[in-house]
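The values are calculated or read from the model by the stated rules, or taken from the named source; none is laboratory data. Only a predicted model underlies this, so the values are computations on that prediction, with no experimental measurement involved. No Cβ is skipped: glycine too gets one built from the backbone with ideal geometry, and neighbour counts run over all protein chains shown. With ligands, DNA and RNA removed, areas are computed over all heavy atoms of the protein, side chains included. Shrake-Rupley method; radii C 1.70, N 1.55, O 1.52, S 1.80 Å.
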Amino acid sequence: MKDTRSPLQTIAIYLGALLILVWSGGPFIWQFSTSFQLDKALTSGSPSLIPAPFTLEHYYNAFIEKELHRYVWNSLVVSLATTFLCLFVGSLAAFALSRLNVKGRFGILMVILSVSMFPQIALVGPLYLVATNLGLLDTYTALIITYLALGLPLVTWVLFGYFETLPREIDEAARMDGVSIPGLLWHIILPMSLPSLVTTGLLAFITAWNEFLFALAFTSNIDRQTIPVGIANFTNQYYVPWGDIAAASAVVTVPLIVLVLFFQRHIIEGLTQGGIKE
Amino acid sequence: MIAAATVSGIGRPRLGKALPGAIWAFLLLTPAFVSLASVSFYPIVNGLYLSLTNTSLITQENEFSGFANYVQLWGDAQFWNAWWHTMWFTAASTILETVIGLGMALILCEAFKGRGLVRAAMLVPWAMPTVVTSKMFGWLFDGQNGIINYILLHAGLIDQNINWYGSPDTAMTTIIIADVWKTTPFMALLLLTGLQTVPNSLIEAARMDGAKGWITFWHIRLPLLMPTLLIAGLFRALDAFRVFDLVYVLTGGGPADSTETLSTLSYKVLFSTLQFGYGSAVSTAMFVTEGIIAIVFCLYLVRQIRRAQ
């Protein structure tokens, strides 16, 4: 195909690629640079991408005054617990659907997937009442239980897709050797699915880490609030501390971006398997 | 269980046989179903019931009130205002994201140096928490010191700073731009995998017959990509329809309710006025609209696929 391309087309492609790069990366780089600039420089009327003078005061404000580390801790607890639960429950379901004779398994898969299309605002009111009655407001438990259900459809779909690619001869051989059904999952299917488990786990983690609506509704103080809620509340009554917000944003986003870039190939594959499957 | 599994050797009765597959399937699927039932199906049904009551956490009432909430909803200007905004946001962002995403996918489909880098960079907006995206666009479009105003001013496109999300005329546009930024690249990646399944031989054959790039795109790639395009569009539309974080953080529904959407309105009715009955009516109406969008899309998709065959 390459030889049929005219020089004009080549230029257009590179220009388009550059545009995509600037469009996707630009705003974040600008935000990142903002986090190292003095408030004076931010309001000076002549913005610059290079922070001069370079300052860490916004990071100081974010951690010392706004106690950002406490939100980070809450988010870590909730997201990690959600990830492991999602992988556990999701792999059991995906295994059953892929390996056992389940009647109407595509129907079941469709039902599981359709759950992810429910508008979450329709769930939050009733769940809030349940959480109030059970005394679960301002607990990690309420968030983890909710995020488990939010993450499950995607996790189950992606793992199901992966399990389906594993040859069935392997489980037949294992069954001949007397391996039981849970043994088949635990000793054979799961170890073979490690890459897929890592990707799926990352997806569940990101979903929980970024979730805002339920965290906003179910938590009311810094002991249990997660990062998105913390950042949303950063705004001062009289002015918006853009530098502090940028610093907090960098703290919660940079590790995520590094992870995503590291696993990008798997993520794209995983998501297209779960999102668009015919 | 696992220990038992490993000791049960050949010749002995197998555990798999001892417990029939159907029971195992039931056991393994139960945790997922309990989770989905309690956090998704139960709230939907309960919300439907709540919407038929006058439940309020302030007056502590919770009596059955029939369709009173829906009658009130029908005559509620705020609800229709939010309904139209939501439809407009959904249509505008889905169309923009699909069209621009397709353009990006077509570029990424070509071989060029640094393609891996571009593909990776496209995941950045997707991975970012939406709250962070909202704050970031708040800063980019800041009325006083925002870089967007600075660029436009110095390019001579505007002659004074625009108060982007502080003015009813531009606030929704700003939110749509933020959403397009966040989601288009990901859309492009989905479409790219769709494009890559179009067999090269077909395109080569068309080129041999003298077809120009544009024609091969229009008559070969696009029809073959149609199912992917529609499914991706459907997912995006359903997602856009329930937009919450972006609006809540960027404008809070203001100024003058000009960006109020169904999600932000529901949230306010639920958690500011604590009218859980009426709030549930708003969210149920939203659920029904979303269901209709999904069904219409699916019917159209089925027809398209049938026609293609």
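General observations
- Between B:I295 and A:E65, the simple label model (points 7 Å from Cα in the Cβ direction) yields a spacing of 5.4 nm.
- Summary value for chain B: 27 percent relative contact order, contacts being C-alpha pairs under 8 angstrom separated by 6+ residues.
- Taking only the C-alpha atoms of the range A:55-139, Rg followed by Dmax gives 19.7, 62 Å.
- For chain A, the C-alpha radius of gyration sits at 1.24 times the compact-globule guess of 2.2 N^0.38 Å, with N the residue count.
- Share of Cα-Cα pairs in the range A:73-224 lying beyond 28 Å, as whole percent: 28 percent
- Note on chain B: with a GNM built from Cα contacts shorter than 10 Å, the maximum mean-square fluctuation among B:G291, B:G114, B:G101 falls on B:G114.
- Fluctuation leader among A:W23, A:W73, A:W242 - chain A, Gaussian network, Cα springs under 10 angstrom: A:W23
- Axial C-alpha extent at least 27 Å, average Kyte-Doolittle at least 0.0 - helices from chain A (DSSP): A:7-34, A:68-99, A:140-165, A:242-262
- Shape analysis of the range A:1-129 places it in the oblate category; the axes a ≥ b ≥ c from the Cα gyration tensor give an a/c of at least 1.5, with a/b not above b/c.
- Using a Förster distance of 30 Å, the FRET efficiency for B:W88-B:A22 (Cβ separation, nearest 0.05): 0.05
- When Rg and the Kirkwood radius Rh are both evaluated on Cα atoms of the range B:264-305, their ratio Rg/Rh stands at 1.29.
- The range B:41-186, relative contact order in percent, only Cα pairs under 8 angstrom and at least six apart counted: 21 percent
- Among the listed pairs A:K40/B:K113; B:K182/B:K268; B:K113/B:K212; A:K40/B:K268, those with a Cα-Cα distance over 31 Å are A:K40/B:K113; A:K40/B:K268.
- For the pair B:A205 and B:V288 in one chain, pulling the backbone fully straight at 0.36 nm per residue adds 25.2 nm over the alpha carbon distance.
- Alpha-carbon geometry of the range A:161-264: the Rg and the Dmax are 21.5, 72 Å, given in that order.
- Scaling the Cα radius of gyration of the range A:196-240 by the globular reference 2.2 N^0.38 Å produces a ratio of 1.46.
- Label separation (B:Y150 vs A:E172): 6.7 nm, computed from points 7 Å beyond Cα along the C-beta direction.
- Dipole of the range A:144-225, positive end: most advanced residue of A:P182, A:P167, A:F212 [Cβ charges, Cα centre]: A:F212
- Exposure of B:V198 as accessible area (Å², to 10), given a probe of 1.4 Å and all protein chains: 10 Å²
- Rolling a 1.4 Å probe across all protein chains gives B:R119 an accessible area of roughly 50 Å².
- Per residue, the convex hull around the alpha carbon atoms of the protein assembly as shown comes to 188 Å³.
- Largest to smallest in accessible area, the residues B:H154, A:H58, B:H85 fall in the order B:H154, B:H85, A:H58 (1.4 Å probe, all protein chains included).
- When the surface is traced with a 1.4 Å probe over the full set of protein chains, B:C298 keeps roughly 60 Å² accessible.
- Overall, the range A:13-102 carries a charge dipole of about 300 debye about its Cα centre when +1 sits on the Cβ of Lys and Arg and -1 on the Cβ of Asp and Glu, all other atoms neutral.
- Hydrodynamic radius of chain B per Kirkwood, over alpha carbon pairs, in Å: 23.5 Å
- Largest-first ordering by accessible area, 1.4 Å probe, given options B:E290, B:E204, A:E269: A:E269, B:E204, B:E290
- Label point at A:F84 placed 7 Å out along Cα→Cβ; residues across the range A:199-221 whose backbone nitrogen lies under 16 Å: A:201-202, A:204-205
- Full extension of the chain between A:W30 and A:K103 yields a length gain of 21.0 nm, computed as 0.36 nm times the residue separation minus the alpha carbon distance.
- The modelled label-to-label distance between B:E63 and A:L56, using points 7 Å beyond Cα along the C-beta direction, is 6.4 nm.
- Shape analysis of the range B:157-272 yields a ratio of the Cα radius of gyration to the Kirkwood radius, Rg/Rh, of 1.18.
- Across chain A, the mean sequence separation of Cα contacts (distance under 8 Å, 6 or more residues apart), normalised by length, yields a relative contact order of 31 percent.
- Measuring spread by the Cα atoms of the range B:20-118 yields a radius of gyration and Dmax of 23.8, 66 Å.
- Residue among B:S38, B:S283, B:S56 with the largest mean-square fluctuation in a Gaussian network model of chain B, springs linking Cα atoms under 10 Å: B:S38
- In range of the label at A:W73: residues from the range A:223-250 whose backbone nitrogen is under 15 Å from the point 7 Å along Cα→Cβ: A:223-227
- Ordering B:L230, B:A240, B:T264 by the projection of their Cα atoms onto the charge dipole of the range B:199-285, which places +1 on the Cβ of Lys and Arg and -1 on the Cβ of Asp and Glu, puts B:L230 at the extreme positive end.
- For chain A, a simple Cβ point-charge model (Lys and Arg +1, Asp and Glu -1, everything else neutral) yields a dipole of about 420 debye relative to the Cα centre.
- Per-residue accessible area (protein heavy atoms, 1.4 Å probe) orders B:E110, B:E63, B:E97, A:E57 as B:E63, A:E57, B:E110, B:E97, starting from the largest.
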